[in-house]
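What follows is a set of notes on a single structure, which appears directly below.
The values are calculated or read from the model by the stated rules, or taken from the named source; none is laboratory data. Values in this document were obtained by computation on a predicted structure and should not be read as measured data. Cβ placement follows ideal geometry from the backbone for every residue including glycine, while neighbour counts extend to all protein chains displayed. These accessible areas exclude ligands, DNA and RNA; they are computed on the full protein's heavy atoms, side chains included. Shrake-Rupley method; radii C 1.70, N 1.55, O 1.52, S 1.80 Å.
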Amino acid sequence: MDGDTLYSIGELARRTGLTVKAIRFYSDRGIVPPAGRSPAGYRRYDVDALARLELVRTLRDLGLDLPTIRKVVDREVSLAEVAAAHADALAVQIRTLRLRRAVLTAVARRGSTPEETDLMHKLAKLSEDERRRLIGDFLDTAFGGLDAHPEFAGARSSMTPELPDNPEPEQVEAWVELAELSQDPDFRAVMRRLAEQHAAERAWGDTTLPRRGSAAMVRDEAGPALAAGIDPVSPQAEAVVAAVTARYAHVFGRPDDADLRRRLLVRLESANDPRRERYLRLLAVINGWPAPESLAPVLDWFIRALRAGGTHSASSEGKEGRM
């Protein structure tokens, strides 16, 4: 019967496709022990050894280490447990390889220096917890002490990047740039100033009413003027400025005077910082969101118009005309 058949190492090698050296190695490690020896002292193996060798070869092809394989063939652990653990380990390795590929692709695309490449690699391989802490520190700087209000809590959430487990190269590149940007002290100061300006606006008038943001008001009123090709320093632009400042004053319950227009100018200049728009675009790439609308052209136009002729309110100009 086959169950009583004993094989030499050479016969096992022919049946399994393994080398004699490999079988002897497994035998010396106790993974495939011999069932006995020939009268001349040569090792002999039974059908169980043949089955164990087939399993060992399969598990080695799958990348398992020898101590783990020995536990499996000796039934110290189940194959299902080992397979699950190994699958998890492979998932981590695959993710690491994807990140490395993405970093190398980004380096090739950007023509990065060795220093930039090292930084990109360090930022890309941060764990999810480390990424959250890094961005959390940036958002604490921007919204700390203000985010108890739901509006600020929502803004904080909407500015949080979520790099997927299997990112595309452009997502890794966007994450690295966003991470670098978030550590820029000047950009942090800009974002904090914006948050504080927004908080100050909320304190004006009736805070229970829904309000349009200043940038949205400018887009609504100045967008058509920009599209029509109106010069921001022309008389036609003054009417657009007056419409925006009147609306802004009404929404926030303030007089349309020089102080309000100066406040609006400072607010819009902060909002128009190109790094803020860049952050939002990078965020969209990382999170797989649609690219945000660029308000830079309309804000540029309106800021020029406001500087050119909008530093005095209509009521102030009327008073000065009667002096």
(message) Taking all protein chains in place and a 1.4 Å probe, what share, in percent, of the accessible surface of region 173-270 do carbon and sulfur account for?
(response) 56 percent
(message) Using DSSP to call loops (not H, G, I, E or B), can you name the trypsin sites (Lys or Arg not before Pro) in region 248-307 whose Cβ has at most 14 other Cβ atoms within 10 angstrom?
(response) none
(message) Run the simple label-point estimate for residue 137 and residue 93 please: 7 Å along Cα→C-beta, distance reported in nm.
(response) 3.3 nm
(request) Describe numerically, in nm with one decimal, the distance between label points set 7 Å from Cα along Cα→Cβ at residue 66 and at residue 84. (result) 2.9 nm
(message) Need one number: nm distance between label points at residue 257 and residue 307, each 7 Å from Cα along Cα→Cβ, rounded to one decimal.
(response) 2.6 nm
(request) Can you tell me the FRET efficiency between residue 125 and residue 40 if r is taken as the Cβ-Cβ distance and R0 is 51 Å, rounded to the nearest 0.05? (result) 0.35
(request) Averaging sequence separations of C-alpha pairs under 8 Å and six or more residues apart, then dividing by the length of region 106-205, give the relative contact order as a whole percent. (result) 38 percent
(message) I'd like the trypsin sites (Lys or Arg not before Pro) in region 41-81 restricted to DSSP loop residues with at most 13 other Cβ atoms within 10 Å, sorted by number.
(response) 75
(request) Give, in nm to one decimal, the length gained when the segment between residue 55 and residue 275 is fully stretched (0.36 nm per residue of separation minus the Cα-Cα distance). (result) 73.4 nm
(request) Return the calculated 222 nm mean residue ellipticity for the chain, to the nearest 500 deg cm²/dmol, obtained by summing -39500 (n - 2.57) across DSSP H runs with n ≥ 4 and dividing by the residue count. (result) -22000 deg cm²/dmol
(request) Among (i) 50, 49, 41; (ii) 61, 46, 37; (iii) 127, 41, 32, find the value of Cα extents along the principal axes in Å that was calculated from the structure presented, and write down its label. (result) (iii)
(request) Using R₀ = 25 Å, calculate the FRET efficiency as 1/(1 + (r/R₀)^6) where r is the Cβ-Cβ separation of residue 184 and residue 157; round to 0.05. (result) 0.70
(request) Scan the chain and hand back the longest stretch that contains none of the GluC sites (Glu not before Pro) lying in DSSP loops with at most 11 other Cβ atoms within 10 Å. (result) 77-292
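How much of the accessible area of region 44-126, probe 1.4 Å, is carbon plus sulfur, in whole percent? Each step should come with its number before you reach the end.
Working: 2950 of 5220 Å².
The value for region 44-126 is 56 percent carbon and sulfur by accessible area.
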(request) Springs between alpha-carbon atoms under 10 Å, Gaussian network over the chain: tell me which of 140, 184, 46 tops the mean-square fluctuations. (result) 46
(message) So for the chain, averaging the separation of alpha carbon pairs under 8 Å that are six or more residues apart and normalising by length, what relative contact order in percent results?
(response) 15 percent
(request) Might you tell me the accessible area per residue for the chain, computed with a 1.4 Å probe and given in Å²? (result) 55 Å²
